[in-house]
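Structure first, commentary second.
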Amino acid sequence: MSKRTREKKSAKPQQPAKPDEISVGRRFAQPYAKALLLIGHPHSYRQWNIVGQCDVPGFFYLESRFRLNPGEQPAIYTAFELCLHECQFERVQV
């Protein structure tokens, strides 16, 4: 078997980020880094938190939280997570 054939067989397609990988990325993120999405997404109107950098250069994990019960206690949130290339969002000064 040639070296090229072995490389093709051992190459694996990129898989979407798993939740545990996202939580690992959060540990390395700069605190309070914000972003606005530049793509057509249902929640593109709100600011997103940059929570980590992906292993692939230029890709970052983003998170947005939305409170489901405003004014009530305990607070209940839903979180949305994305992994996007930096050309698909704009960093916001805080």
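Treating only the Cβ atoms of Lys and Arg (+1) and Asp and Glu (-1) as charged, compute the dipole magnitude of segment 44-94 about its Cα centre; round to the nearest 20 debye. Working shown, then result.
Working: 4 positive and 6 negative charges, 38 e Å.
Dipole size: approximately 180 debye.
Here the simple spin-label model places points 7 Å from the Cα toward Cβ, and for GLN73 and HIS85 these points are separated by 4.8 nm. Surface analysis of segment 29-94 yields an accessible area of 67 Å² per residue, using protein heavy atoms and a 1.4 Å probe.
The heavy atoms of TYR77 offer some 120 square angstrom of accessible surface to a 1.4 angstrom probe. For ILE39, ILE76, ILE50, the ranking by accessible surface with the largest value first comes to ILE76, ILE39, ILE50, using a 1.4 Å probe.
The values are calculated or read from the model by the stated rules, or taken from the named source; none is laboratory data. Worth saying up front: this structure is predicted, and the values here are computed from it rather than measured. As a convention, Cβ positions derive from the backbone with ideal geometry for all residues, glycine included, and neighbour counts pool all protein chains shown. Quick note on the areas: whole protein, heavy atoms, side chains included, nothing else; ligands and nucleic acids left out. Shrake-Rupley method; radii C 1.70, N 1.55, O 1.52, S 1.80 Å.
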